[in-house]
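Below is one structure, written out as structure tokens, with a few remarks after it.
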Amino acid sequence: MEVLSDCCENNVSSSSKKQFIDIFVCTIKDKKKTSEIVKNICKHLPLDKLSHLKRVRSNTNQANELQMIVAENYEDDFLTNIPGQIWLKRMQSIVIQQYNNAVQYWPCSFHEDKRITRLLNRSFFSTEEVNLIHKNMEEAISVAKSSAYQLHIGAVIVNPQSDTIIETEEKHPLQHAVMVAIDQVATVQGGGMWQLSDKCCNNLQEESCCIQKKDKTGPYLCTGYDLYVTTEPCIMCAMALVHSRISRVFYGSPHPEGALGSKYKLHVQSGINHHYEVFCDVLQDRCNKLMNDIT
Amino acid sequence: MVTMDMEHIAWMEKTFDLAEEALKSGEVPVGCLLVYDGKEIAVGRNEVNETKNATRHAEIVAIDKVLKFSEENDLDSKAVFRECILYVTVEPCIMCAGALRQVEIPLVIYGCANDRFGGCGSILPVHSAELPSLGPSLQCISNVMAERAIQLLKDFYKGQNLNAPENKRKVKNC
Ligand SMILES: [Zn+2]
Ligand SMILES: [Zn+2]
């Protein structure tokens, strides 16, 4: 499942809670004047926070009349004789469930976030995509088993376009599986900081040739690439992935100090200039087992 | 500026010389210097462009040099890190703050805040957070010659604009 930002999760869970605020509504008795009235009121009393609501709706009791939102919290005496005060949803609807809920109270203009709706329906990935995700995580698990670096943690970086694995391998305190994987991408691109053995980069030598032929510079860092890692990355690795412009991260087991859902949600941290998508629980049982094997 | 040891100031001056050198060669002007047992044992500056590795920040470069220093002098690198003081012209980023905790450096002294990526409080307080499996917390002394650090960064970004780089690469990552 995807690790969403708290604000997104709150929006989703609040769909059942219903968030309402008071607004003032008046009746338009002469329908012909509607457009003129609406134009005027929008100019003088814009609905900033309630811009997802339609300004006017038909009056369910009086077919020849319309109801119009005047304002939120309008405290002028001038409004005292305006009929009614109704309850209504405050938040912009982001998923269809919320929309259905909200329109019971007042019509909304609705822009469905299709991506979030699909995530909530658990239909985000196709069967083929799930198979590919599992295959890549299998690769990370086998790296974990043979890793000379971080104990029992494996990471691979993959170019999802060509499905080539850009993978990873004297102990170095900063050579976490993710840092190693990032440096192997750099090595393939003609850089690199750790002169790591390239014995496991077979698949990628080929790709790097293609990159060099097509484009002298290659992709910028890890732009467009996916990372598969058996355990949730720590804060150092999570930030290294921000600097490297990774596109997506898939991990197996959560870690209490992990930075992509457990202790922090760095991928959606405000103030940071690059955000990536994070999916957790991929082959989680097998990844958990790797961790349990140490203890 | 905080009142502090003249020794710290002297090391910081030296760290600024490194940052200025970096600026002259067109790199992000961040310098860092590690002092162990009263002696300079490692320096670092940003090497992102050369290595095509966006994690190659000054602090990471310097950590690698301490490992090399320890090996060459037959010292236990863990023990060396635990006695080190790191001087750096800009607040370490979130990644580097994590790396400094991982190698157990106890104290960092830095110039100006890093509003984009700062890991010692500006964006996240990685230096002091409860992260036992990463390493002990990191003590920070901030705002040491901050104006000079800010001016250096300003000069760098001004220069970038003048050159109007066609490739965004060069402006990234400090
Ligand atoms: Zn890590
Ligand atoms: Zn850094």
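Assorted remarks:
- Residue pairs exceeding 27 angstrom between C-alpha atoms, taken from A:LYS265/B:LYS14; A:LYS263/B:LYS68; A:LYS263/A:LYS289; A:LYS171/A:LYS289; B:LYS39/B:LYS68; A:LYS289/B:LYS52: A:LYS265/B:LYS14; A:LYS263/B:LYS68; A:LYS289/B:LYS52.
- Tensor-based shape of the range B:96-163 (alpha-carbon gyration tensor, a/c under 1.5 rounded, otherwise prolate or oblate): prolate
- Accessible area buried between chains B and A, both sides summed, probe 1.4 Å, in Å² to nearest 100: 2900
- Shielding by partners, peptide B:97-105 (average Cβ within 10 angstrom, other chains): 4
- Between the listed residues B:HIS8, B:VAL48, B:CYS140, the Cα displaced farthest toward the positive end of the dipole of the range B:6-168, a dipole computed from Cβ unit charges relative to the Cα centre, is found at B:VAL48.
- Sparse-neighbour loop sites [chymotrypsin sites (Phe, Trp or Tyr not before Pro); the range B:4-61; at most 13 other C-beta within 10 Å; DSSP]: none
- Chain B: most fluctuating residue of B:PRO132, B:PRO92, B:PRO106 per GNM, C-alpha cutoff 10 Å: B:PRO132
- For A:PHE279, residues with placed amide H under 5 Å, excluding near neighbours: A:VAL3, A:VAL249, A:PHE250, A:TYR251
- Rg in Å to one decimal, and Dmax rounded to a whole Å, for chain B via C-alpha atoms: 15.5, 48
- Rounded to the nearest 0.05, the FRET efficiency derived from the C-beta distance between A:SER126 and A:ASN292 at R0 = 22 Å is 0.10.
- Solvent-accessible area, 1.4 Å probe, carbon plus sulfur percent, for the range B:6-168: 49
- Taking the convex hull of the alpha carbon positions in the range B:39-99 and averaging its projected area over all directions gives 4.5 nm².
- From most to least packed by mean Cβ count within 10 Å, the peptides B:94-100, A:135-141, A:179-185 give B:94-100, A:179-185, A:135-141.
The values are calculated or read from the model by the stated rules, or taken from the named source; none is laboratory data. Please read these numbers as outputs of a predicted model, since none were measured by experiment. Note that each Cβ is placed from the backbone with ideal geometry, even for glycine, and that neighbours are counted across all protein chains shown. Areas reflect the complete protein model, heavy atoms only, side chains present, ligands, DNA and RNA absent. Shrake-Rupley method; radii C 1.70, N 1.55, O 1.52, S 1.80 Å.
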